[in-house]
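Read through the structure below, which is laid out as structure tokens, and then see the notes.
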There are 2 protein chains.
Amino acid sequence: PYAKFKELFKPLPAIAPIPADNPQTEAKVELGKMLYFDARLSGDGTIACATCHNPALGFTDRIPRAIGHGAARGPRNSPTTLNAAFLTSQFWDGRAPTLEAQALGPLQANIEHNITLDKAIAVLKGFPEYQKRFAEVFGGKDPVTPDNLAKAIAAFERTLITPNSPFDRYLAGDESAISTQQKKGMKSFVEKGCVGCHNGPNFTDGNFYAIKVPGSTDEGRYTVTKKESDKHAFRTQTLRNVALTYPYFNNGSVWKLDEAVKIMGKEMLKTDLSKDEVDDLVAFLHGLTGEMPKFTIPALP
Amino acid sequence: PYAKFKELFKPLPAIAPIPADNPQTEAKVELGKMLYFDARLSGDGTIACATCHNPALGFTDRIPRAIGHGAARGPRNSPTTLNAAFLTSQFWDGRAPTLEAQALGPLQANIEHNITLDKAIAVLKGFPEYQKRFAEVFGGKDPVTPDNLAKAIAAFERTLITPNSPFDRYLAGDESAISTQQKKGMKSFVEKGCVGCHNGPNFTDGNFYAIKVPGSTDEGRYTVTKKESDKHAFRTQTLRNVALTYPYFNNGSVWKLDEAVKIMGKEMLKTDLSKDEVDDLVAFLHGLTGEMPKFTIPALP
Ligand code: HEC
Ligand code: HEC
Ligand code: HEC
Ligand code: HEC
Ligand SMILES: [Ca+2]
Ligand SMILES: [Ca+2]
Ligand SMILES: [Ca+2]
Ligand SMILES: [Mg+2]
């Protein structure tokens, strides 16, 4: 009875799309991993990408709104870097087109890393080991550049893929990989209309929709486009690993997945989901937790 | 010509001493690792043991004085947790006798984790997964206690041992494991008198010596004992992995190992070490970097 619903879904590929101008190499990924963990790339030497996108916490920070430099609290929730490589735009408002374009933002943001690019490059050049690795990876006369820094981090992020979730194994033919309740949840996910926005391998259509989640005053996509129709619009969030990425929504206002699902029904579909429907949907969403990327913590110079 | 110097040293054991009332088990170490990485054990959910004792940074933070809750900067440098299991007292001033006694200090310190023990226990009890693991490891009716929290973290710390450094391999008979310059450094380390304090497998005698490192006003051991003779006294620091644990001294005032060595000669031995002697000693100390503990980052609930 579930075959026709199942057909509407796609498994998460094990490999993310790689841009032509930033091919993956092992050495580049390793360098990117070092940079991702390196707190010296910050104003006071304590904030790394891994601070807010922490591998121990589903590559998020599990607090409502990010806390960065000087313990300042930003306006938005830290999304996971897991599978960000599949997104067609980065940030809740989609203001960066690629991971490469994204990476230099947080470094300079004064409530995040709070470091200028000049300073960041100077920090890296201070370590012979980084000089050597940038030269090996990128070649050229002066390889330690913001551009290459962004490329290396993006290359590492492209390895943060979580394939083989129970749902993916179900799609691949293992009928017992998910429970009957999860199959019912899948059915509701289609019939209620969630799949209209949360679709494709990464469970997001990449589009922006106006929504006011609890407590939000954020103008979202409007801050990027200045189009009235984009007021309070946010990119459809991936639902991959959503069991790990609490609290939910752009301002992290909701701690529980069942509550987030109820809000989605009400706000996006003008439906009051029943308790059973919510439970089934939550069970289904738990089946989207994949295998975590495996790597060792880098030993920084 | 180096045999008689070599005899004075001891290799780092691969296993730390285990107290009778806190035996190691695999499940306990795994739980301790989770707690070590868990930032929810803090006032604002962002500070874990791993924040300041960061595996990517030699289990330190590589800043002069620790930055904790609310971005407050404490008075002292974060020592490494590597091989802390071999120390006869914990903290620069030795105020905690064991790792178990140590662990609850930083949780409550308002410039570190800034959380009460009651709150920390409540946080842990909020996760069924922690409830389960504490029960499995410790048994009893109410196993999630500050005592057991400390025991689990201590058990994990007892795995943070770095055996098989080049110098240990040299001690074990591999003559070519260290260079001739490093052997000369070993000789100077004995002849100049460094070994008088930095001795035993962990290169510390566990005693306290008065020293005023640059910029220090810290009264050190005196704050614990109130004995005049302990004013400005600090526990002899381990030199294991000292190449990784910069900046140096109790206030992190010195970034370079050669400078730290020069200061030690002058302050502790009333000797102006020559440039060659310093270089040899630094080379020797670089030979004390061992194999880093291998573990995967825990996936926290
Ligand atoms: C202080 C916390 C903090 C730090 C440090 C930080 N981030 Fe973020 N990250 C965030 C927040 C908050 C957002 C969402 C911001 C927004 O949408 O305006 C975000 C968004 C992202 C996104 C977009 C994901 C998506 O779903 O749209 C990526 C990718 C990312 N960060 C990677 C990085 C990298 C790489 C670094 C280091 C160079 C980094 N972050 C440092 C908090 C942080
Ligand atoms: C019209 C588009 C649309 C529909 C329909 C829709 N969503 Fe969403 N969903 C979004 C957008 C946009 C966000 C991000 C909202 C925000 O945080 O501001 C989101 C966020 C979420 C989140 C929170 C994810 C996170 O990590 O913060 C969950 C869970 C979710 N949706 C589940 C569902 C479910 C279940 C349904 C169906 C009952 C559904 N959505 C229907 C667009 C939609
Ligand atoms: C905000 C930074 C910070 C945090 C968080 C932190 N520490 Fe520390 N740690 C320090 C500093 C600074 C010292 C030295 C303090 C002193 O001597 O007074 C220290 C000392 C220690 C020592 C003694 C080592 C030695 O050589 O004497 C151990 C062991 C230790 N910490 C373990 C932990 C554990 C376990 C946690 C978490 C429960 C933790 N630390 C959290 C900064 C931190
Ligand atoms: C009388 C005892 C004593 C002697 C002799 C001594 N040290 Fe030390 N050493 C200490 C103490 C105590 C500290 C911690 C000082 C502080 O930070 O306040 C220390 C710290 C150090 C440090 C910094 C470690 C760190 O991680 O911060 C180095 C390096 C060092 N000693 C090397 C040497 C060398 C090389 C010699 C001989 C030239 C030497 N020491 C002689 C007691 C001694
Ligand atoms: Ca979230
Ligand atoms: Ca240090
Ligand atoms: Ca849970
Ligand atoms: Mg921090």
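Examine segment B:154-162 for a residue that is crowded, with 18+ Cβ neighbours inside 10 Å, in contact with an Asp or Glu (Cβ under 6 Å, 6 or more places away or on another chain), over 24 Å from B:VAL282 (Cβ atoms) and among the hydrophobic types (A, V, I, L, M, F, W, C), and state whether such a residue exists. Within segment B:154-162, one or more residues are crowded, with 18+ Cβ neighbours inside 10 Å, in contact with an Asp or Glu (Cβ under 6 Å, 6 or more places away or on another chain), over 24 Å from B:VAL282 (Cβ atoms) and among the hydrophobic types (A, V, I, L, M, F, W, C).
Is at least one residue of segment A:24-39 free of Cβ contacts under 8 Å to residues at least 12 places away in the same chain and more than 29 Å from A:LYS119 (Cα to Cα)? For segment A:24-39, residues free of Cβ contacts under 8 Å to residues at least 12 places away in the same chain and more than 29 Å from A:LYS119 (Cα to Cα): absent.
Going through (1) surrounded by 21 or more Cβ atoms within 10 Å (Cβ to Cβ); (2) free of Cβ contacts under 8 Å to residues at least 24 places away in the same chain; (3) away from ligand 5 (no atom under 16 Å from the Cβ) one by one, A:ALA233 falls short only on (2). Screening B:LEU8 with (1) part of a loop (DSSP other than H, G, I, E, B); (2) within 14 Å of chain A (Cβ to nearest Cβ) gives one miss only, at (2). Spot the failing condition for B:GLU291; the list is (1) of a type in the set (D, E, K, R); (2) surrounded by fewer than 20 Cβ atoms within 10 Å (Cβ to Cβ); (3) not in a loop (DSSP other than H, G, I, E, B), and only one is missed. For B:GLU291, the exception is condition (3).
B:HIS286 falls short on exactly one of the conditions (1) under 30 Å from B:VAL29 (Cα atoms); (2) touching an Asp or Glu at 6+ places or on another chain (Cβ under 7 Å); (3) of a type outside the set (A, V, I, L, M), and that condition is (2). Is it the case that B:ALA243 is farther than 20 Å from B:ASN77 by Cα, within 14 Å of chain A (Cβ to nearest Cβ) and modelled with pLDDT of 95 or more? No; evaluated as a whole, the condition is false for this residue.
Residue pairs whose Cβ atoms lie under 9 Å apart, separated by 6 or more positions or on different chains, with the first residue in segment B:253-269 and free of Cβ contacts under 8 Å to residues at least 60 places away in the same chain and the second of a type in the set (D, E, K, R) and surrounded by fewer than 18 Cβ atoms within 10 Å (Cβ to Cβ), are B:ASP258/B:LYS275; B:ASP258/B:ASP279; B:LYS262/B:ASP272; B:LYS266/B:ASP272; B:GLU267/B:LYS212. Go over the candidates B:THR223, B:THR238, B:THR245, B:THR271 one by one and state the one that is more than 12 Å from ligand 6 (Cβ to nearest atom) and part of a loop (DSSP other than H, G, I, E, B). One residue alone meets the criteria, B:THR271. What do you reckon, is B:LEU149 away from chain A (no Cβ under 14 Å), assigned to a helix (DSSP H, G or I), buried (at least 19 other Cβ atoms within 10 Å of the Cβ) and touching a His at 6+ places or on another chain (Cβ under 8 Å)? Criteria not met by B:LEU149. Within the span defined as segment B:213-220, every residue fails to be within 14 Å of chain A (Cβ to nearest Cβ), near ligand 4 (Cβ under 9 Å from one of its atoms) and aliphatic (A, V, I, L, M).
The values are calculated or read from the model by the stated rules, or taken from the named source; none is laboratory data. Not measured: the values here are computed from a predicted model. We place every Cβ from the backbone using ideal geometry, glycine too, and count neighbours over all the protein chains shown.
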